[in-house]
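I have placed the structure first, in the form of structure tokens, so that the comments after it can refer back to it.
The values are calculated or read from the model by the stated rules, or taken from the named source; none is laboratory data. All figures in this text were calculated on a predicted structure; none of them were measured in a lab. Heads up, the Cβs are rebuilt from the backbone with ideal geometry, glycines too, and the neighbour counts pull from every protein chain shown.
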Amino acid sequence: MTYLAVPISAKNAAQAAEQVRLAVAGGAEMLELRTDYLEGLTADLAQQVLRQTRALAGAAVPVIATCRDTCEGGAIDYPESLRIEILATALGEGAEFVDVEFVNFRKAPFRQRIESALAEAKGRLVLSTHDFAGPFDDIKRRHREIVQTCPTAVPKLVCTAGHINDCFDAFDLLHEADGDCIVLCMGQAGLISRVLAKKLGGLVTFASLDEASGTAPGQVTLDAFKGLYRHDSMDRETELFGVIADPVGHSLSPAIHNACLADEGINGVYLPLLVQSGREALFAFLDNVLTRPWLDFRGFSVTIPHKHSALDYVRQKGGLVEPLAAQIGAANTVILDSRATSDERRLGAYNTDYAGALDAIVAGMGIARDGFRDMPVAVVGAGGVSRAIVAGLTDAGAKVTIYNRTVERAEQLAADFHCAYSGLDGLLHLDAKLIVNGTSIGMHPKVDATPVPPEVLKPDMAVFDTVYNPAETLLLKHAKAAGAKTIDGVAMFVNQALAQFHLFTGHPANPALMRSVVLDSLR
């Protein structure tokens, strides 16, 4: 069993009682009593809080008692003698686990006191080690050191992931380790290690009560664990999907895909995958996934800034490249069958932006696709989304001009699709019936930006913004004020996600469910 533990990081007994009530009501499977957060800590205060915690939570919810040393992330710098006394008190009060820093346990006097308390109680020892600066130099060696020092203890290894690729050593350890083990990566890049602990058999993963009360960087909230990431239904057979992006925190893809996985009764979870540092880091991430078939990754949505590189990766690996994706030169969807052997593993690159965007524009403008013929269109941006939209519009006969900050990129895209191009200064003189924003300008959290000067917007125009968060961007507000027809990015987002879900699972998704999840999330 993997316990979903909520840290109780209260300053006093009353606050601790409230946190315990909220955690138990929210479905916590374990409580971590962080006594180092209690102000004016004494053995009597710790005993009081432990007793009230047990009374409120009941015997079915085990407790980890921790009095963390500040050198390993403790909140208040209490003396070593008091911390030992607190841990001994916790064992005497029936705490199922006590968490002791490995660096301190190696000191003979410290170890003797803890072992003496353990001998008189039923609790179990967790030996923890942390690195707040980065990943461990050799996480498996650190694990061996803990096991050799105390074979009956639960090793707990927590480090900081500077990049998502730092998580894979932690996954390997959990996959290979015999016996109970807790292995987690801190920071936004390490989020997936917390969510996947249950799939990989970790003894405990930790969830904060809310965004403000986390006790380590990157902790996921209890609500997100239980709702968004489907913790209760996860097991070792759970298949994985995710959105590869930088940044990724704004993405609503996890919300809509996880809702549809649940709706279809599919044992899967969809994750936000923060892949930073460009092309080589993306290639390394995908290599890490392909060489670990036991992770059960099945497919990825791909967005800024990785759409070109994802296509190149699949092509280099000899995978299937959908002709449309090849024509566009960008993939927003990568499919893999990690159940096959490494020699047979199948990769596929697809683009669902093309149809998703055109269908959104057609519906929003109230025209048929042949209505694009000879229509003057301005497309702002020259990235992956813009490529897909330009491909669709030029195929439909529109007269497209591409506007981009880097003129050379606009020129290259224009050459590929035989259309005009300009720098952003050309927007002051545009003459278009349709304006498309294919950039991330105006996306949350930078909602006060717009890619198009408001003075060029006219009542006879239609304005389509591919940004969906927020649904009404500043560009669309300006367009509405000018009397222009507006098309938000939610329609395109849902359209392309519907196609992705079918590619991922072979099942159709519910479009009404997707749209309602997006709008609820944006509200």
Residue in the stretch 328-351 that is part of a helix (DSSP H, G or I) and at pLDDT below 95 present: yes
Some residue of the stretch 412-429 being under 20 Å from ILE441 (Cα atoms), among the polar types (S, T, N, Q) and at pLDDT 95 or above: yes
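Matching residues to (1) in the same structural domain as HIS257 (by TED's automatic domain parsing); (2) out of contact with any Phe, Trp or Tyr (no Cβ under 7 Å at 6 or more places or on another chain):
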{"position": "HIS306", "(1), (2)": "yes, yes"}
{"position": "VAL321", "(1), (2)": "yes, yes"}
{"position": "GLN327", "(1), (2)": "yes, yes"}
{"position": "ARG373", "(1), (2)": "no, yes"}
{"position": "ALA378", "(1), (2)": "no, no"}
{"position": "ASP395", "(1), (2)": "no, yes"}
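In this structure, does GLY190 turn out to be of a type outside the set (D, E, K, R), buried (at least 16 other Cβ atoms within 10 Å of the Cβ), under 15 Å from the mean Cα position of the chain (by Cα) and at pLDDT 95 or above?
Values: of a type outside the set (D, E, K, R): yes; buried (at least 16 other Cβ atoms within 10 Å of the Cβ): yes; under 15 Å from the mean Cα position of the chain (by Cα): yes; at pLDDT 95 or above: yes.
Yes: the conditions hold for GLY190.
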Filter result (buried (at least 19 other Cβ atoms within 10 Å of the Cβ), over 14 Å from the mean Cα position of the chain (by Cα) and closer than 18 Å to LEU295 by Cα) within the stretch 198-230: LYS198, LYS199, LEU200, GLY202, LEU203, THR205
One residue from LYS446, LYS480 being basic (Lys, Arg) and part of a loop (DSSP other than H, G, I, E, B): LYS446
Boolean, GLY483 is out of contact with any helix residue (DSSP H, G or I) (no Cβ under 8 Å at 6 or more places or on another chain) and at positive phi: yes
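For VAL98, are the conditions met, namely being closer than 19 Å to CYS181 by Cβ, among the aliphatic types (A, V, I, L, M), in contact with a strand residue (DSSP E or B) (Cβ under 8 Å, 6 or more places away or on another chain) and surrounded by 20 or more Cβ atoms within 10 Å (Cβ to Cβ)? Break it down stepwise before answering.
Details: closer than 19 Å to CYS181 by Cβ: yes; among the aliphatic types (A, V, I, L, M): yes; in contact with a strand residue (DSSP E or B) (Cβ under 8 Å, 6 or more places away or on another chain): yes; surrounded by 20 or more Cβ atoms within 10 Å (Cβ to Cβ): yes.
Criteria met by VAL98.
Give ASP44, ASP77, ASP36 a once-over and let me know the one that is surrounded by fewer than 15 Cβ atoms within 10 Å (Cβ to Cβ) and either more than 34 Å from the chain's Cα centre (by Cα) or touching a residue at least 40 places away in the same chain (Cβ under 8 Å) (or both). Let's see the steps before the verdict.
On the way: ASP77 fails: either more than 34 Å from the chain's Cα centre (by Cα) or touching a residue at least 40 places away in the same chain (Cβ under 8 Å) (or both); ASP36 fails: surrounded by fewer than 15 Cβ atoms within 10 Å (Cβ to Cβ).
On inspection, the qualifying residue turns out to be ASP44.
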Conditions (1) within 18 Å of ILE361 (Cβ to Cβ); (2) modelled with pLDDT under 95; (3) of a type in the set (Ser, Thr, Tyr): number failed by SER440: (1)
Where ILE389 falls short, out of the listed (1) among the β-branched types (Val, Ile, Thr); (2) under 28 Å from the mean Cα position of the chain (by Cα); (3) under 22 Å from GLY483 (Cα atoms): (3)
Any hit, the stretch 178-185, residues being under 24 Å from VAL24 (Cα atoms) and β-branched (Val, Ile, Thr): yes
Qualifying residue in the stretch 262-269 (condition: modelled with pLDDT of 95 or more, in a strand (DSSP E or B) and crowded, with 21+ Cβ neighbours inside 10 Å): yes
Condition broken by ASP465, with the remaining ones in (1) over 30 Å from ASP520 (Cβ atoms); (2) in contact with a helix residue (DSSP H, G or I) (Cβ under 6 Å, 6 or more places away or on another chain) satisfied: (1)
Near pairs, Cβ below 8 angstrom, 6+ apart or cross-chain, from the stretch 298-317 (surrounded by 24 or more Cβ atoms within 10 Å (Cβ to Cβ)) to any residue that is among the acidic types (Asp, Glu): HIS306/ASP246
